[in-house]
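To keep things clear, I will list the structure first and then write my remarks on it.
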Amino acid sequence: MDPIPPVDRTDVRFQVGMQLRELLRLAPSVHSRLASDIGVGVTDAQALDHAMAALPSPIGVGDLAHNLGIRSASATVAVDRLVSSGHMERAPHPTDRRRTSLVPTDSAYADAGRAAAPLISAIRSLTAGLDKETADEVHQFLGDAIEVLRAFADRADAEDPAEDPSTSP
């Protein structure tokens, strides 16, 4: 692999990259805050988020485990907690009767909406100040950044899907 070339830290493009890094660094803290406000653990909140984001396509426990990078048994325990708290239901899969779908409840949406409302409001205020051309450029850039991050994450999954780095010696 080629070494990373030196960069000019005053270059705005470098600074944009560092801002993306800071967004990624802050994401776990945001998840933690939202989980606390909803009244569930961080893993449970992430599971709920994955189930909500997957809709209208159904997600099962195996999919959830893969998305969270945890074992199926751990995902099942998280789903059990969410079902017990009234945030999720198990439902028959719409096309495969051998599978079970995970469906967030109305109370889950209400709790998540209440918890995220201040953040959503602040982001909407921020984006409202963008003119159309700038918004289009930011939209394109963030879409491309998401694809880069997804490809990086997918490559890691493909390299060793059974390896769980949190359990390595």
- Message: Given an 8 Å cut-off on Cα distances and at least 6 residues of separation, report the relative contact order of the stretch 1-96 as a percent.
- Response: 17
- Heavy-atom surface of the chain, accessible at 1.4 Å and reported per residue (Å²): 72
- Most mobile of Gly113, Gly62, Gly129 per a Gaussian network model of the chain (Cα springs, under 10 Å)? Gly129
- Message: For the stretch 1-59 and the stretch 93-141, what is the centre-to-centre distance using only Cα atoms, to the nearest Å?
- Response: 14
- Task: Give, as a single signed number, the net charge of other residues whose beta carbon lies under 9 Å from the beta carbon of Ala115, with Lys and Arg counted +1 and Asp and Glu -1.
- Result: 0
- Amide H neighbours of Ser101 under 5 Å, at least 5 residues apart or on other chains, H built in the peptide plane: list them. Ala91, His93
- Task: As a check on your grasp of the helix formula, calculate [θ] at 222 nm for the chain: sum -39500 (n - 2.57) over DSSP H runs of n ≥ 4, divide by the residue count, round to the nearest 500.
- Result: -22500 deg cm²/dmol
- Note on the structure: Counting Lys and Arg as +1 and Asp and Glu as -1 over every other residue whose Cβ sits under 14 Å from the Cβ of Arg13, the net charge comes to -2
- Query: Once you put a point 7 Å from the Cα of His66 and another 7 Å from the Cα of Arg21, both along the Cβ direction, what distance in nm separates them?
  - Reply: 3.2
- Task: Just grab the label-to-label distance for Asp8 and Arg124, each label 7 Å out from Cα along the Cβ direction, in nm (one decimal).
- Result: 4.1
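Does the chain come out rounded, prolate or oblate, given a ≥ b ≥ c as the square roots of the eigenvalues of its C-alpha gyration tensor, rounded meaning a/c under 1.5 and, failing that, prolate meaning a/b above b/c?
Since a/c reaches 1.5 but b/c is at least a/b, the shape of the chain is classed as oblate.
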- Query: At a 1.4 Å probe radius, carbon and sulfur cover how many percent of the accessible area of the chain?
  - Reply: 58
- Got the relative contact order for the chain handy, in percent, Cα pairs under 8 Å and 6 or more residues apart? 15
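The values are calculated or read from the model by the stated rules, or taken from the named source; none is laboratory data. Predicted model, so just to flag it, every value in this text is computed and none were measured. Reconstructed Cβ throughout: ideal geometry from the backbone, glycine too, with neighbour counts over all protein chains shown. Heavy atoms of the whole protein, side chains included, go into the accessibility calculation; ligands, DNA and RNA do not. Shrake-Rupley method; radii C 1.70, N 1.55, O 1.52, S 1.80 Å.
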